[in-house]
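One structure is given below, encoded as structure tokens.
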Amino acid sequence: MEKRTIYITEFDMERLKKRLLECDTIPERDKEHLEELEQELMNAEIVSPQAIPPDVITMNSSVRLKDLDTKKELTYTLVFPVDSDSRQNKISVLAPVGTAMIGYRVGDIITWEVPGGQRRLKVEKVIYQPEASGDYHL
């Protein structure tokens, strides 16, 4: 993944740090991405929920992404591991694409390493962001 500055709300930061401290309850498949998420959080610019721009991907945001290689559009909701459900396109923040998504804005290109090389997704639209809807503690 590329190094970048991400925006994260105080509330999301608090919940994510708490989740990281509870790493013994995280499914084994997600543990390998804990270090990546910790690095992302260390580089984050923390803002109040009311101050987060509406085009930033926060926890529980639904977004439309475009795969720049296949041109396929994807819709995901970024959630905590306990709420992940691939059938509903709810992606865990500890999944590779989830860790990569948090804090990105509309127009940004998400790039991360996969076994076959690199994957690139462009953030096309934030369909729903809790903070922009006044849901500051979702």
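The values are calculated or read from the model by the stated rules, or taken from the named source; none is laboratory data. No experiment lies behind these values; they were computed from the predicted model shown. All Cβ positions, glycine included, derive from the backbone under ideal geometry; neighbour counts span all protein chains shown.
Key figures
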item: Hits in the range 104-132 (condition: of a type in the set (Gly, Ala, Ser) and at pLDDT 90 or above); result: Gly107, Ala132
item: Any hit, the range 84-103, residues being within 15 Å of Ile8 (Cα to Cα) and more than 9 Å from the chain's Cα centre (by Cα); result: no
item: Residue list for the range 109-127, restricted to those being under 16 Å from Ile52 (Cα atoms) and either surrounded by 16 or more Cβ atoms within 10 Å (Cβ to Cβ) or touching a His at 6+ places or on another chain (Cβ under 7 Å) (or both); result: Val126
item: Residue, surrounded by the fewest Cβ atoms within 10 Å (Cβ to Cβ), within the range 37-69, restricted to residues that are of a type in the set (D, E, K, R), farther than 22 Å from Gly134 by Cβ and modelled with pLDDT of 90 or more; result: Asp69
item: The listed residue being surrounded by 14 or more Cβ atoms within 10 Å (Cβ to Cβ), of a type outside the set (A, V, I, L, M) and at pLDDT 90 or above, out of Asp83, Asp30; result: Asp83
item: Among (1) in contact with a helix residue (DSSP H, G or I) (Cβ under 9 Å, 6 or more places away or on another chain); (2) in a strand (DSSP E or B) - the single one Thr99 does not satisfy; result: (2)
item: Leu78 vs. criteria touching a Gly at 6+ places or on another chain (Cβ under 7 Å) and at pLDDT 90 or above; result: yes
item: Neighbours by Cβ (under 9 Å, 6+ apart or cross-chain): first from the range 118-138, closer than 11 Å to Leu68 by Cβ; second aromatic (Phe, Trp, Tyr) and surrounded by fewer than 20 Cβ atoms within 10 Å (Cβ to Cβ); result: Gln118/Trp112; Arg119/Trp112; Arg120/Trp112; Leu121/Trp112
item: Strands (runs of 3 or more DSSP E) lying entirely in the range 44-85 (those with 3 or more residues that are over 25 Å from Lys18 (Cβ atoms), touching a residue at least 12 places away in the same chain (Cβ under 8 Å) and small (Gly, Ala, Ser)); result: none
